[in-house]
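Q: Questions regarding the structure given below will be posed in turn.
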Amino acid sequence: MGLLNVVKDIFTKAEITEETFEYESIDNFLTGREKEEEGRSEDDVVFKCDQIVDATYQMEDLKVEYDMVTSYFTDIQTIEELPADARREIAEIAKKIALLENETSTFLHSDDRISDENFRMIQGMEKDLSQIMGRLKELEDMDLKIKRDMKHLEAEKNSLEYMQNSIEGRQARLRTFVIGFGVVAVLAVVTLAIASMLSGYNLIFPILLILLVVVAFAALVIVSYKRLSYEYKLSETKENRAINLMNKVKIKYINNTSTLEYLYGKYNIKSLRELEYLYDQYLIMVDEVRKYQRRAGDLRESEAALSKLLFSYGVKDPDIWAKQSLALMDNREMVEVKHSLNVRRQKLREQITYNQQLRMNGLKDIGEILKLNPELGPRVKQELELYHINLE
């Protein structure tokens, strides 16, 4: 860059040509996606591939859960369509189970540690409890990690913005000082020149000395200004990277939070700690039941008989109905069960739809990247093959 251009840069703010990412809050992100600008790079393709793969895995897990809930509905329909005699037989066994469970609750109420509903819930999921707790811990740890990352990125973004404002202030003060110094230097040279002409003395040496000082000062100012400009652009690049990372983290945050909230609702808890507390109390109560219940064998036999009978009528998962004996006796309880399943299925549909849209958007965005950057074709093809993604 020529000397004149460098000096010109001191008095004019350089135009920023780097891509600037739009920052959004989490709430805004849920209702509107960030508009991508031109000039997308290979990193965008990698990010979109990650997005598609994450969304695909999420959908697979959600569909398994959705199929399981649908299977429960199928079993309910099978039970409700049974002949009256079969329904009566099932209701009699269910009534016996409820009676035995009621006798068990006599022991449970002695300390009243947890409700009967929570006791039955833990009892029904006891064999899978270790896996469930592990899943909840993984999600809660991930939730904390993502929040920490977002807080760190937000702090970094604010720090870089403050740094940019500080640099702009220093540049403005430098420009003002240069102007003032230049005016003083010009006045000094003009004064000496006039004094030389009026007095007849040769003052060329002081004039040259002033000019030398001006040149040296100008060189120092140019170096300082270029350094400030470099620091400004560097901080802006870091800010853009922080915002880009934050926008990428949002998708993981939404999926993680949605899954966590679904599991909380499914198990009627607010945290893993609450579930651990319920399990601890359950173990205490089970120990007491084992000590005092004299008819536990009858209860197990009745539950086995119910499971066998339901299986013979085509119910695919008969074991769970031993813990839903009231629903087999009372239609109102069955309505509550169906309502609960409906709520679970609706939440699963919403999550599946969200991830499906996320996947479609990712595929669409990759297509747009290829249109804007056809030279990336081979690299994009290689990336898609690596992730086993079919763009069509």
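The values are calculated or read from the model by the stated rules, or taken from the named source; none is laboratory data. Quantities reported herein were computed from a predicted structural model and do not represent experimental measurements. In this analysis, Cβ positions are derived from the backbone assuming ideal geometry, glycine residues included, and neighbour counts consider all displayed protein chains. The protein model used for the area step is the full one, side chains on, heavy atoms only, and it has no ligands, DNA or RNA in it. Shrake-Rupley method; radii C 1.70, N 1.55, O 1.52, S 1.80 Å.
Q: Would you work out which of Ala218, Ile251, Asn240 lies farthest towards the positive end of the dipole of the stretch 206-256? Charges go on Cβ: Lys and Arg +1, Asp and Glu -1.
A: With unit charges placed on the Cβ atoms, the residue in question is Ile251.
Q: Among all the lysines, which ones have a C-alpha under 19 Å from Lys364's C-alpha, if same-chain residues fewer than 8 places away are not counted?
A: Lys35, Lys48, Lys248, Lys381
Q: Another question about this same structure. Roughly how many Å² of Phe311 are accessible to a 1.4 Å probe, to the nearest 10?
A: Counting only protein heavy atoms, Phe311 exposes about 140 Å² to solvent.
Q: Report the Cα-based extents of the stretch 146-244 along its three principal axes, largest first, to the nearest Å.
A: On the principal axes, the stretch 146-244 reaches 79, 16, 14 Å in Cα extent.
Q: Report Rg (one decimal) and Dmax (nearest whole number) for the stretch 296-392, counting Cα atoms only, units Å.
A: Values for the stretch 296-392 (Cα only, Rg and Dmax): 25.0, 74 Å.
Q: Can you work out the Karplus-derived ³J(HN,Hα) for every residue in the stretch 147-162? Use 6.51 cos²θ - 1.76 cosθ + 1.60 with θ = phi - 60°, whole Hz, and x for glycine or proline.
A: Each residue of the stretch 147-162 in turn: 5, 5, 4, 5, 5, 5, 5, 5, 5, 5, 4, 5, 5, 5, 5, 5 Hz.
Q: Arrange the residues Ile284, Ile93 by how much accessible surface each exposes, largest first, with a 1.4 angstrom probe.
A: So, going from the largest accessible area down, we get Ile284, Ile93.
Q: Please say if the stretch 248-331 is rounded, prolate or oblate, where rounded means a/c under 1.5 for a ≥ b ≥ c the square roots of the C-alpha gyration tensor eigenvalues, and otherwise the choice is prolate for a/b larger than b/c and oblate otherwise?
A: The shape class here is oblate.
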